[in-house]
Structure formats: C-alpha cells, structure tokens
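S.K.: Take this structure, written in structure tokens, and hold onto it; I'll ask about it next.
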Amino acid sequence: MQLEQNSRTEELLFYVLAAAGGLVTVVGLAAALFMEHSGHVVTGMNNQVVWGMPHVFAIFLIVAASGVLNVASIGSVFGKVMYKARAPLSGLLALVMLAAGLMVIMLDLGRADRLVVAMTHFNPSSVFGWNVILYPGFFAIVGLYLWTLMDRKMNPYYKPAGLAAFIWRLLLTTGTGSIFGFLVARQAYQSAVIAPMFIIMSFAWGLAVFMIVQKSMFAWNGMTVHPAIRQRMKNLLGTFVAAVFYFVLVYHLTNIYFAKQTAFEQFILLSGGIFPTLFWGGYVFLGTIVPLLLLYVPDLNKIRGSVFLAALLVIVGAFSLLYVFIIGGQVYPLDIFPGMQVSSSFFDGKIDSYSPSLPEILLGLGGFGLAFTATAVGVRVLKFMPQDDIAKLENCGHMLD
Amino acid sequence: MNEPQDKSRRGFIGTAAVGTAGLGIAALAPGLHLIQVSQADTPTQGASSTVRWGMLIDTTKCASGCDACVKACNTENGIVETVKDARQGAQWIRKIELKDPKNGREHSLPMMCQHCANPPCVDVCPTGASMKRADGIVLVDRHICIGCRYCMMACPYKARSFVHQPLTEQNPEVPRGLGCVESCTFCVQRVDKGLKPACAEACPEGAMTFGDLNDPNSEIAQRLAREASTQVRADLKLNTGVRYQGI
C-alpha cells in the first residue's frame, strides 16, 4: 500500500517536473515569436554586438552536446566497461542538447522562417554551411549508435557505430570552434587554437552535464553512484577542467605575444568591467579553481555533494567564459585603422555595451527547458538508467585501470 | 488470330485518351495556362566579368563635418527609418574621423562596403546570400538571407547593418527588409543604368571617383596607375574595390 502510494507520488512529481520543463520551453518559444514579430530591436543586440545571449546559450548547448557523447565513446571506442553502461544516456543527452542548441540558434535568426532556405542553399566555403551538414549527420549517426546499443539484434555493430560517432563529434566541435577561429575581422577570434580549445571545452562541459544528470537520476531512484565510479568520473572531470584552463591560457598568451592584441587583452582581462570580473571570478575562480579543489582535495572531496557541486560550478564557469569570449569579443571595437584614433556616427573606436534583454534570456532558457523535458521523458519511457554490474567490473579489473 | 484486333483496340484507346485529354485542356479555360513561365522584367544583359567597379576616395578633399555622401546614400536607398538606439540603425556609408596620435594629423573619410575581390562576408555566408557579382559589386540577396549575421562578424570594415525593425517607405528599386543584413551596393540600380553611385555624385568636392578598375582608359584606373593609394586593412589581402588617398 505504502509502495503504491510512493509510486503515485513519484509519478505525479514526474509529471509536474516535465510540465515545468515544457512551460519553460513554451515561454522560450513565445519569446522567439515576440522577437520575430517585433524585430531584433527588442533585443540588446546591435550592429556591433551582432550575436548575444541566445548564442551564449546555444553554443554552450551545442558544445556540451558533443562533449556529453564522450562518455559513450570512452565505453565503445576505448573499451571501458564502466562507461559502456552509460553510453545510452550519453547518446540521449547528446541528441537532446544538440536539438535544444539548434532550436535557440535557429529561432534567433533574423528570418527564422527561412529554415528551408538554409537547408536548400549551401555555400561550401562557409563554416556555418559545413555545420548544416555536421548537425543532421550527428543526429543520424548518434541515432544509429543508440540503436546499436539498445537493440540486441544491432548490438554487434555498436563498436563501428561508436567510432563513427566519436569521429563525427570531433568534426562537429571543430566546426563550432572554427565559426570563430576563421574570422579575421575581430581581435578576439582568428586563432587556430580555438577549434581544439572548443573540443577540450566540450569534454569538460559535456562530462559535467552528464554527471549532474546521472546523480539526479540515481537520487530519483533512491540510489547512489558507486564510490569507485564516482572516483573515476571526478578524476576525469578534473583532468578536463585543467586542460581547458591550459587552452584558455595558450589562447590569451597567443593574443598577447604573437598576435599583438595587447590592447584587447588588457580590456578583456583587466579593464573591461564585467568581462574581467566574469573571466577571473566566474571562469577562473568559480569555474576552475573551486571545482579542482572540490575534486582533488581529499577533505573537501569527502563532503557529500562535492562532486555534484564541482560539476555545477564547471557549468557556471562555462557560461562565464562563453560570455567573455562571445560578447566581450564583439564589444571591443574593430581595428580598422591600426594605430589611429577613430570616431564616427557608427561608434567606430568606441567600446560598445551590451545588456541582454528578457526575450533573449527566455529564448536561451527555453533551450534548456527543451533539453530537460526531452531527457526526462526519454529516461522515463526507455531504459537509459546506467546499470552497473559492480562485481563484474571488479572481477575484470576495469575499476582499477 | 486476335492479335491485330487487340492492337487496333489498344491504338484506339491510346488515341482517344490523348485526344480527350487534349480537348479537355483546351476546353478547361481558353487563354489560361495551367503552368505559366513567370515573367519578370525583360532580361537585361548580366554583369560583365570584364568590368570591375571600384572607387577612389581622395581624403585630402574630404571635409570633416561634411556628410553629403551619407545623406545622398540614405535618400537614394530609402534609409529613412528612425531607431531608438542608434547602434541598431542601418548605416550603409558613414564618415570616420581619424587622428594620428603621434603627430596629431587628422583625416576625414567615408567608409562603406569595400567591395573586396576576396570578400570574407561571401566566404562565411551559409546560404550564398552574400555574393559578388561578376563586375565585383558585393551584394546581399534579400530573398535568401536568413539573418544569421555571420557576415557582420566577418566583415573587417563594419560595413554591414542588420535591419532590426519593420520598415516602411522603401524605394521599390532597393528592397530592404526586417531580419536581413544589408550594406552599400555601389547603388547598383544606378550603375546598371550607367550612372554613378549617389555618394560619388553628391560629393561637393569631387573626392569620390567611381569607375571601372579594369579599363585602362577610365579615370580611376589612370589615377591609380599614376598616384599613390591605399587599401584599408591591406594586410588582410582582400583586394578591395574602394581605394583611399591621403591616409
């Protein structure tokens, strides 16, 4: 009787949560409709800061989508049994996050109604054009991969499908990074290090998302992640967080020493108001140092929820870093006449300001709403819960290597 | 034995079917075509790749505070809307004031799309809406621009504007529209009629020389051959169609 009662409460709670996620999505869609109807005049974006808050959300979702698939790749491509049990959930998260990211970026278009034009007119020299192929390809390959994982008849093919998905996800993040890396106009971008930096960022952010979802799913079912698995995953997260920091460091050093963008770097790292604050406070301190301490200092690591908190902070750091990278990179004026003082009616030579408007933020959150709802429904109707056979793992030594 | 009969029957049915269909179509609506080839304007001669339109701007003649070129551009292209936030307004051409901090020397010059031979906006456009005509004029196809603004990220001259709000009172020859990116077209609607761009015509000092860079007899080509000129951000090797003197 009590069990039945609990089950009904749990079911009700699920519907409430799914409905809440759906509501956030609907509000996001309504915000997009409002922007579409009124024009981007209702946003904080302008002719200098042409990409705003929707792009911060969308790029986070797209980068993390490819990164979250890494959990599956470690299982299928690199043969780690513990991760293989997590492959279906990893694939599901990759699909829903990419769909959510694309929803946000597509609905921010000036002419979102021309989606068919975007799919039928292809410019091979455009990095965006490549992405028009990379995104649907990702859906197809990861869909196929999930099929091989979840259907026993298809199971013999999971390795090649996993390898294809791994290669495709690397291409996809290279494409996302290259959107910025191949831009010659603005000081913040045009760097070969950006594509690999995006790949390593995807590793960290995707794993952080995965760990948050995994912890929530286990808690929902009254279970805890096995300490040995927790240990392995937290060490991996720490490695990725440190690697991202290394790439961010190299990116800024390249700008300072090689590309001589010292004025821009001074702005973004020291004098630029919100941007240095977000960089040092949001990304370096909250998003890097604190998670590393939580993950590696034994006393802190023993505290319940420390790994979960570290993963959450990695995402806070991700948003801070993306805001600095995308918005900060645009507010700084273009160097059209190097060495000259410039002024004009179009704000040449002036540092711009950007305040995201409510519809932009709601659209971004709508993407999260979609990802959340789709994940919640997905894990409810299909078997995505990681099934760990601890005894088997210990027997075959996979817990130790 | 029955074969010839069958053949003739099949032949009859075939002929009858074709005939009936033909009569049906003819009777359906005389004068109305089920499929009609769309008729736009009479086809004109397309842009020629033997021509490369360009402009030479003599900044020594360009007066600080004079914006005759900007006004002429706005009138010609129907850029008449008012926006609350000036940063969201379209500016196809703008005046830039330059000052060399080392010696205090000042310049004033108009800045617009530089009509690059290797335009980054065309490279990055996902749909091909940003395109370069055979005669070197860089344009945006209003019909396939999806408003992604990637070209604005890529342009080193900040020459492009995004239409942030609904527009009215447009010039029928210069279609503009909400949610699309636009920039200087060299007044292509005038150039195709053999006229100069509005800015060049309006400049009171005659500081803007427009012409065919490929024609050795044109004034612009002769002056470029004779006098020193500069491409803005020449380091990017974009081979701009707009050249400057005096900076």
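S.K.: Using alpha-carbon positions, what is the distance between the centroids of the range A:138-156 and the range B:128-167, in Å?
M.R.: 41 Å
S.K.: If you don't mind, another one. If I take R0 = 60 Å and measure r between the Cβ atoms of A:THR120 and A:ASP299 in this structure, what FRET efficiency does the formula 1/(1 + (r/R0)^6) give, to the nearest 0.05?
M.R.: For A:THR120 and A:ASP299, the calculated efficiency is 0.55.
S.K.: Moving to a separate point now. So, with +1 on the Cβ of K and R and -1 on the Cβ of D and E, and no other charges, what is the size of the charge dipole of the protein assembly as shown about its Cα centre, to the nearest 20 debye?
M.R.: Computed about the Cα centre, the dipole is about 1260 debye.
S.K.: Turning to a different aspect of this structure: Test of understanding: express the Cα radius of gyration of the range A:64-180 as a ratio to 2.2 N^0.38 Å, with N the residue count.
M.R.: Relative to the 2.2 N^0.38 Å estimate, the range A:64-180 comes out at 1.13.
S.K.: Which of the trypsin sites (Lys or Arg not before Pro) across the range B:55-95 are loop residues per DSSP, with 13 or fewer other Cβ within 10 Å? Working shown, then result.
M.R.: Numbers: sites: B:LYS61, B:LYS71, B:LYS84, B:ARG87, B:ARG94, B:LYS95; in loops: B:LYS61, B:LYS84.
Sites meeting the loop and neighbour criteria: B:LYS84.
S.K.: Further question: In the range A:52-99, which chymotrypsin sites (Phe, Trp or Tyr not before Pro) fall in coil by DSSP and have 16 or fewer other Cβ atoms within 10 Å?
M.R.: On the way: sites: A:PHE57, A:PHE60, A:PHE78, A:TYR83; in loops: A:PHE78.
Sites meeting the loop and neighbour criteria: A:PHE78.
S.K.: Can you give the alpha-carbon Rg of the range B:53-245 over 2.2 N^0.38 Å, where N counts its residues?
M.R.: Here the Cα radius of gyration is 1.00 times the empirical estimate.
S.K.: Compute the FRET efficiency between A:TRP147 and B:ASN118 as 1/(1 + (r/R0)^6), taking r as their Cβ-Cβ distance and R0 = 51 Å, and round to the nearest 0.05.
M.R.: Calculated transfer efficiency: 0.70.
S.K.: Another question, if that's okay. Modelling each spin label as a point 7 Å along the Cα-to-Cβ direction, I'd like the A:GLU4/A:LYS159 distance in nm, to one decimal.
M.R.: Output for this residue pair reads 5.0 nm.
S.K.: At a temperature of 37 °C and a viscosity of 0.692 mPa s, determine how fast the protein assembly as shown diffuses translationally according to Stokes-Einstein, using the Kirkwood radius over alpha-carbon pairs as Rh; express D in µm²/s, rounded to the nearest whole number.
M.R.: In µm²/s, the coefficient rounds to 117.
S.K.: For chain A, set up a Gaussian network in which alpha carbons nearer than 10 Å are linked by springs, and say which option among A:MET340, A:MET106, A:MET119 fluctuates the most.
M.R.: Comparing A:MET340, A:MET106, A:MET119 in a Gaussian network model of chain A, the most mobile one is A:MET340.
S.K.: On each of the three principal axes of the Cα atoms of the range A:14-381, give max minus min coordinate, whole Å, ordered largest first.
M.R.: 65, 50, 39
S.K.: Per residue of A:42-49, count partner chain C-beta atoms within 10 Å of its C-beta, then hand back the mean as an integer. Show your work: numbers first, answer last.
M.R.: Details: counts 2, 2, 3, 5, 9, 15, 4, 2.
That works out to 5 on average.
S.K.: Moving on. Between B:SER49 and A:ALA219, how many nm apart are label points set 7 Å from Cα along the C-beta direction?
M.R.: 6.4 nm
S.K.: May I pose another question? Please sort A:15-25, A:34-44, A:364-374 by packing, taking for each peptide the average over its residues of neighbouring beta carbons within 10 angstrom, highest first.
M.R.: Result, highest mean Cβ count within 10 Å first: A:364-374, A:34-44, A:15-25.
S.K.: How about the range A:100-194: which chymotrypsin sites (Phe, Trp or Tyr not before Pro) there lie in a loop by DSSP and see at most 16 other Cβ atoms within 10 Å? Present the calculation step by step, with values, prior to reporting the outcome.
M.R.: Working: sites: A:PHE122, A:PHE128, A:TRP130, A:PHE138, A:PHE139, A:TYR145, A:TRP147, A:TYR157, A:TYR158, A:PHE166, A:TRP168, A:PHE180, A:PHE182, A:TYR189; in loops: A:PHE122, A:PHE182, A:TYR189.
Passing both the DSSP loop test and the Cβ count: A:PHE122.
S.K.: Per residue Cα convex hull volume for the range A:191-233, in cubic angstrom?
M.R.: 49 Å³
S.K.: Towards the positive end of the charge dipole of the range B:53-245, with charges on Cβ (+1 Lys, Arg; -1 Asp, Glu), say which of B:ASN77, B:PRO156, B:VAL174 has the farthest Cα.
M.R.: Going by the charge dipole, the pick is B:PRO156.
S.K.: I've got another one for you. Using only atoms on other chains, find how many Cβ atoms lie within 10 Å of each Cβ of peptide B:178-189 and report the average.
M.R.: Across B:178-189, the average partner-chain Cβ count within 10 Å equals 2.
S.K.: Helix-derived [θ] at 222 nm for chain A: sum -39500 (n - 2.57) over DSSP H runs of at least 4, divide by residue count, nearest 500?
M.R.: On the way: 16 runs with 257 residues, N = 401.
It comes out at -21500 deg cm²/dmol, rounded to the nearest 500.
S.K.: Sticking with this structure for a sec: Taking a virtual spin label 7 Å from the Cα of A:ILE256 along the C-beta vector, which residues in the range A:320-338 bring their backbone nitrogen under 14 Å of it?
M.R.: Under cut-off, by backbone N: nothing.
S.K.: B:THR230 to A:ILE274: FRET efficiency via 1/(1 + (r/R0)^6), r the Cβ-Cβ distance, R0 35 Å, to the nearest 0.05?
M.R.: FRET efficiency, B:THR230 to A:ILE274: 0.45.
We did not get these values from a lab; they are worked out from the coordinates using the rules stated. All of these numbers come straight from a predicted model, not from anything done at the bench. Don't worry about glycine lacking a Cβ; one is built from the backbone with ideal geometry, like all the others, and counts go over all protein chains shown.
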